[in-house]
Amino acid sequence: MRRSQRRRAGSLTGNGDGGALRVAQHLAVPIDTSAALPEGFTVRPPTPEDAEAILALARAHNERIVGFADCTLDEVRDDLAEPGYDRATDGWLVQDAGGAVVGYAWSFAKGDGPEVDADVVASDGAVARWLLARAVARAAEMARARGHRTAEVSAGIYRDDTTLRAVAAELGFARARAFQRMRIDHGAPRPEPAAPRGVTLRRGPGDEAFARQVHAVEVGAFAGHWRTSAPSYELWRERLDAAAVTDWSQVLLAYLDGRPVGVLIGNDAFVENERCGHVRTLGVLPEARGRGVAGHLLRRAFADDAAKGREGTLLHVDTDNVTPALRLYEGVGMRAVLVIDAWTRTLAV
């Protein structure tokens, strides 16, 4: 699952259970990076000029695994230019003897904590193992550089990707969470949603104060959520503004009795390949839950997407959440269309 996919799946309603799913039994197991790539294969850092080749690799891989491309050129370009990502040290591009791109991987630290995301796109098991081992080794270096004694590495893997699942298990990972992609279809314009008592909405782009309120509510809504490493406002804003799919007019801030308590960040991540809107982030502060805020934000986003002629709206949910997020989405008419598992490993650095 690419970093852009993690942006899709990484901000979900509710709070998780923190470190309850850390794989501590793997702390003492070193990462074996001695295995070689197949004969004639070479590796180098990716460059922006590689975006189309990486896209072709990812699309072919995804179509084989899940039956559709599930990737766009803007997403690949965003990944290669993500603030905080160093292509020279954090990414690997593997080519076969004829120069064709056959593997791509990266490691990425979302904040200052020990959590590091790793990702691999490769259909060949030997290439996938080589890349994942390098990504994990780099994750350990990242955590060490931030002053941590452990690295908590997570890789998102399609449920049907048996090759990468086997490689992850071999390298000491264990499946920790299941994320479902949810969808609702819009066959016609949707009625204006009625606001719950005391709830009002404000839409972006807004001003600097609005953006800071959005950030503060997002941080508060996800405090304690599984693998949350909240970036500073400055880095959060930089990453949003750097993404080609960001549209601040799709950012909604909910107020309850005049106080900001909920946020929905929509974007265009699925417009090109699915003709759908996308809810990147939906969160409500703990003290305001149960007042209909999240449901109202969702219905507002659905109505907006339908008015734009989009065929549906998509989002991702952590089905292991301790809050009833999945029940909320099913209650507004969404259904699961894809499963992505998070495989994790905790290692001493």
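Of all helices (runs of 4 or more DSSP H) completely enclosed by the range 235-349, which ones contain at least 1 residues that are in contact (Cβ under 8 Å) with a residue 40 or more places away in the chain and of a type in the set (Phe, Trp, Tyr)?
Because the criterion is at least 1 residues that are in contact (Cβ under 8 Å) with a residue 40 or more places away in the chain and of a type in the set (Phe, Trp, Tyr), the helices (runs of 4 or more DSSP H) in the range 235-349 that meet it are 293-307, 325-331.
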Looking only at the range 155-163, decide whether some residue is touching a residue at least 24 places away in the same chain (Cβ under 8 Å), within 22 Å of residue 38 (Cβ to Cβ) and in a helix (DSSP H, G or I). yes
Name the helices (runs of 4 or more DSSP H) wholly inside the range 31-106 in which the number of residues that are within 24 Å of the chain's Cα centre (by Cα) and farther than 21 Å from residue 268 by Cα is 2 or more. 51-66, 87-90
Residue 175, sole failed condition from (1) more than 29 Å from residue 159 (Cβ to Cβ); (2) open to solvent by 20 Å² or more (accessible area, probe 1.4 Å); (3) within 17 Å of the chain's Cα centre (by Cα): (1)
Positions within the range 239-261 being closer than 20 Å to residue 190 by Cα and either in contact with a Phe, Trp or Tyr (Cβ under 9 Å, 6 or more places away or on another chain) or open to solvent by 40 Å² or more (accessible area, probe 1.4 Å) (or both), in sequence order: 249, 251
What is the one condition in (1) modelled with pLDDT under 95; (2) closer than 16 Å to residue 184 by Cα; (3) not aromatic (Phe, Trp, Tyr) that residue 272 does not satisfy? (2)
Has the range 114-122 got any residue that is outside any strand (DSSP E or B) and either in contact with a helix residue (DSSP H, G or I) (Cβ under 7 Å, 6 or more places away or on another chain) or open to solvent by 10 Å² or more (accessible area, probe 1.4 Å) (or both)? yes
In the range 25-40, residue modelled with the lowest pLDDT [restricted to those that are open to solvent by 60 Å² or more (accessible area, probe 1.4 Å) and under 21 Å from residue 138 (Cα atoms)]: 25
Among the candidates 183, 190, 146, 134, which residue alone is free of Cβ contacts under 8 Å to residues at least 60 places away in the same chain and either surrounded by fewer than 24 Cβ atoms within 10 Å (Cβ to Cβ) or over 30 Å from residue 261 (Cα atoms) (or both)? 146
Exactly one of (1) more than 12 Å from residue 202 (Cβ to Cβ); (2) within 17 Å of the chain's Cα centre (by Cα); (3) open to solvent by less than 10 Å² (accessible area, probe 1.4 Å) is unmet by residue 264. Its number? (1)
Select from the range 48-98 the residues that are touching a Cys at 6+ places or on another chain (Cβ under 8 Å) and over 27 Å from residue 236 (Cα atoms) and write down the one among them that is most open to solvent (accessible area, probe 1.4 Å). 59
Matching entry among 219, 214 (being without any contact (Cβ under 8 Å) to a residue 12 or more places away in the chain and under 30 Å from residue 118 (Cα atoms)): 219
Inside the range 269-283, the number of residues satisfying the requirement of being in contact with a strand residue (DSSP E or B) (Cβ under 6 Å, 6 or more places away or on another chain) and open to solvent by 10 Å² or more (accessible area, probe 1.4 Å) is 1
Filter pass, residue 315 being modelled with pLDDT of 95 or more and either farther than 30 Å from residue 175 by Cβ or among the acidic types (Asp, Glu) (or both): no
State which residue is surrounded by the fewest Cβ atoms within 10 Å (Cβ to Cβ) when the search covers only the range 198-233 and only residues that are part of a loop (DSSP other than H, G, I, E, B) and out of contact with any strand residue (DSSP E or B) (no Cβ under 9 Å at 6 or more places or on another chain). 207
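The values are calculated or read from the model by the stated rules, or taken from the named source; none is laboratory data. Remember, predicted model here, so these are calculated numbers, not experimental data. Methodologically, a virtual Cβ is constructed for each residue, glycine included, from the backbone with ideal geometry; neighbour enumeration extends over all protein chains shown. Remember, those area values only see protein heavy atoms, side chains included, never the ligands or the DNA or RNA. Shrake-Rupley method; radii C 1.70, N 1.55, O 1.52, S 1.80 Å.
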